[in-house]
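Read the structure below first, then the notes.
The values are calculated or read from the model by the stated rules, or taken from the named source; none is laboratory data. What you see is a predicted model, and the numbers here were worked out from it, not measured in a lab. FYI the Cβ positions are ideal-geometry reconstructions off the backbone, even for glycines, and counts take in every protein chain you see.
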Amino acid sequence: MRTILIIIGLTLFCYIGMAKAEEPRAGFVKNVSGQAFIERNNVTMPANVNDRLIEKDTLLTGRNGSMGIILQDNSVMSIGSDTRLVISKFLFEPSDAKLSFTAQVKKGTVVYLTGLIAKLNRRGVRFETPTTVCGVRGTHFAIKVTDPSGDVKTLLPKIMQ
């Protein structure tokens with residue numbers, strides 16, 4: 001009986017390890033203030049310090065919220081209040097020259113300080129807004145996207161409405 005339990009335990013451990021390997025980490029939450037959330041696979045959860053971020057995550061902040069993010073390439077992002085940002089693509093494998101980061105700023109304010117991806121691949125960083133695309137030509141920039149409808153409900157998760 002003990003042998004069977006050990007085999008089952010090892011099998012579960014291997015499956016958990018493979019599941020984590022399939023979701024490479026894009027970065028982590030450095031700090032949080034006020035209403036801040038991470039939406040992953042249509043599930044919204046409160047953002048906490050040290051929460052890991054992966055590709056396709058949506059970062060949300062409320063009227064009094066903000067978030068600080070550090071990406072794997074040492075890029076730093078500050079996300080202001082009433083913001084919705086999607087990490088569309090994140091690939092950081094310098095040994096294989098696979099370097100790419102794309103974010104969609106749907107609404108709100110984002111300040112970005114470049115890391116290794118921008119230094120090693122000038123065309124590797126891209127920020128998309130509803131009306132324009134921003135590439136990196138320097139070391140830092142800020143983007144503010146306003147919502148022409150003024151409807152905050154499109155930004156906030158259902159748990160905040």
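Worth pointing out:
- Selected residue (criterion: farthest from Gly27 (Cα to Cα)) from residues of region 60-79 that are part of a loop (DSSP other than H, G, I, E, B) and free of Cβ contacts under 8 Å to residues at least 40 places away in the same chain: Asn64
Matching residues to (1) buried (at least 18 other Cβ atoms within 10 Å of the Cβ); (2) more than 20 Å from Ser33 (Cβ to Cβ); (3) aliphatic (A, V, I, L, M):
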position	(1), (2), (3)
Ile79	yes, no, yes
Leu85	yes, no, yes
Lys98	no, yes, no
Gly115	yes, yes, no
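- The condition (being more than 22 Å from Gly135 (Cα to Cα), among the β-branched types (Val, Ile, Thr) and either modelled with pLDDT of 95 or more or assigned to a loop (DSSP other than H, G, I, E, B) (or both)) is satisfied by just one residue among Val49, Val86: Val49.
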